[in-house]
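Okay, structure first, notes after.
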There are 2 protein chains.
Amino acid sequence: MAKRGMLIVLSGPSGVGKGTVRKALFDAGDTDFQYSISMTTRKPRDGEKDGIDYFFVSKEQFEDNIQNGKMLEYAKYVDNYYGTPIDYVNATLDSGKDVFLEIEVNGAMQVRANCPDAVFVFLTPPDLVELKHRLVGRGTDDMEVINKRIKKAVGEIGMMRNYDYAVVNDEVQNAVDRIRSIINSERLRVTRVMPDYEQMLGED
Amino acid sequence: MAKRGMLIVLSGPSGVGKGTVRKALFDAGDTDFQYSISMTTRKPRDGEKDGIDYFFVSKEQFEDNIQNGKMLEYAKYVDNYYGTPIDYVNATLDSGKDVFLEIEVNGAMQVRANCPDAVFVFLTPPDLVELKHRLVGRGTDDMEVINKRIKKAVGEIGMMRNYDYAVVNDEVQNAVDRIRSIINSERLRVTRVMPDYEQMLGED
């Protein structure tokens, strides 16, 4: 049996650039992990293919999946469901391939509850660290605006606590390089490689 | 105050090539962490300088340091003490610089007890994974030799459990690249970067 793959979850506040970073990571072409295809109840757009862009299903099918514990995570936006089918992820992991999920923060917390040994990466806006300095320094916003932005930033920091790594998206290529380092490094974790060694030496 | 640096510990079975890998890592010249200088009671060899190659001290001074809890880890080989002075490591970490220790497995376990948030990297011999296959496959050793080597390998695996990462030293450059990934990745750990964010937003 192949060693089980690793589940990598990329998430972060909306608007931080998750999709752009994920696309750049996969477009580089030197990754050997699988991007997880989402399931949705929205209609395919022109050119979108079932099983490639999304798994397109009916609302009834999706709700059946939820009922039967077949969704690793899901959410409803406007009138449509979006989510990650658990069977697809498990089959890929069981084949020994790592799986990459790019999802919203609520979905990531659902995955955390189901898969504590996944790797959770939080993408942060570049201005989070410098936010306060910049807001106060530029002197153009009134205190109400500054306080609102700081409050939002503090909320984002609160979410970050539930993740393993924080990657600043200052430039897409930098963010991609950081995520690559994390993945390479996590593959060397003793907890992940130990089963290989044990099996090899017949300790099982 | 600068953010406290990170302590990186490289260890592994004797003969695995820890010193060679450490030297290649530092010779690359693009590291920004500090190699920890050991303290020893042995006499300086030709060309060795105090405070550069080692801190050279008397046996009485070294034993005083042990008594006063001034050694992060130490061991005695033949008639000489070797160890890591805790003040030097702490001062470097407090200045915000990461510190790199390359030490024996017993020393690493002492550091683990004192600094649980350090990063522990276990360098493994390249033949550990393939050991059994190779030993049986080549058919030149009798079973006594094979069993002895396997027993040693199993013992080494037992030590590995106390580390965070396992790096196979198949080729020095590969091992160096892996350690570099680990260090880059560990710098992005939420537990390490969180204090920065909190301080920036005045949550302290």
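Read-outs: derived from the displayed coordinates by stated rules, not from any lab. Being a predicted model, the structure only gives us computed values, none of them experimental. Glycine gets a Cβ as well: all are built from the backbone with ideal geometry, and neighbour counts include every protein chain shown.
Structure above, values below:
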| quantity | calculated |
| --- | --- |
| Chain A, rotation onto B, residue closest to that axis via Cβ, with its distance in Å | A:185, 2 |
| For residue A:79, label point 7 Å along C-beta direction: distances to other copies, nm | 9.0 |
| Ellipticity estimate at 222 nm from DSSP helix runs (n ≥ 4, -39,500 (n - 2.57)) divided over chain B, nearest 500 | -14000 deg cm²/dmol |
| Rg/Rh for the protein assembly as shown, where both radii come from Cα atoms and Rh is the Kirkwood radius | 1.03 |
| Cα-centred dipole magnitude for region A:36-97, charges only on beta-carbon of K, R (+1) and D, E (-1), debye, nearest 20 | 120 |
| Residue A:90 paired with residue A:52, simple spin-label distance in nm, labels 7 Å along Cα-to-beta-carbon | 2.9 |
| Partner chain coverage, peptide A:188-197 - average Cβ within 10 angstrom | 6 |
| Relative contact order [Cα under 8 Å, 6+ residues apart], chain A, whole percent | 30 |
| FRET efficiency estimate (nearest 0.05) - Cβ-Cβ, residue A:30 to residue B:141, R0 45 angstrom | 0.65 |
| Set of lysines near residue A:76 by C-alpha distance (under 16 Å), chain-local residues within fewer than 8 positions excluded | A:43, A:59 |
| Amide hydrogen neighbours beyond the local backbone of residue A:123, cut-off 5 Å, H modeled | A:11, A:12, A:167 |
| Position residue B:144, label points 7 Å along Cα→Cβ, spacing to each other copy in nm (shortest first, one decimal) | 8.9 |
| Label geometry 7 Å along the beta-carbon vector: residue B:155 inter-copy distances in nm | 5.9 |
| Whole-Å semi-axes of region A:44-190's equivalent ellipsoid (Cα gyration tensor) | 33, 22, 15 |
| Spherically averaged projected area of region B:153-202 from its Cα convex hull (nm²) | 4.5 |
| Per-selection Rg to Rh, region B:1-86 - Cα, Kirkwood hydrodynamic radius | 0.98 |
| In nm, spacing of pseudo-spin labels at residue B:68 and residue A:59 (7 Å Cα→C-beta vector) | 7.7 |
| Sequence-separation-based contact order of region B:36-97, relative, with Cα cut under 8 Å and 6+ spacing, percent | 36 |
| Test item: A:145-155 mean partner chain Cβ contacts at 10 Å | 1 |
| Within chain B, percent of DSSP bridges classed antiparallel, to nearest 5 | 30 |
| Distribution of pairwise C-alpha distances over region B:36-97, 10 Å bins, in % | 23, 53, 22, 2 |
| GNM flexibility winner over chain B from B:46, B:87, B:27 (Cα, springs under 10 Å) | B:46 |
| FRET E, pair residue A:194, residue B:23, Förster distance 30 Å, beta-carbon r, rounded to 0.05 | 0.60 |
| Antiparallel %, DSSP beta bridges [both residues in the protein assembly as shown], to 5 | 35 |
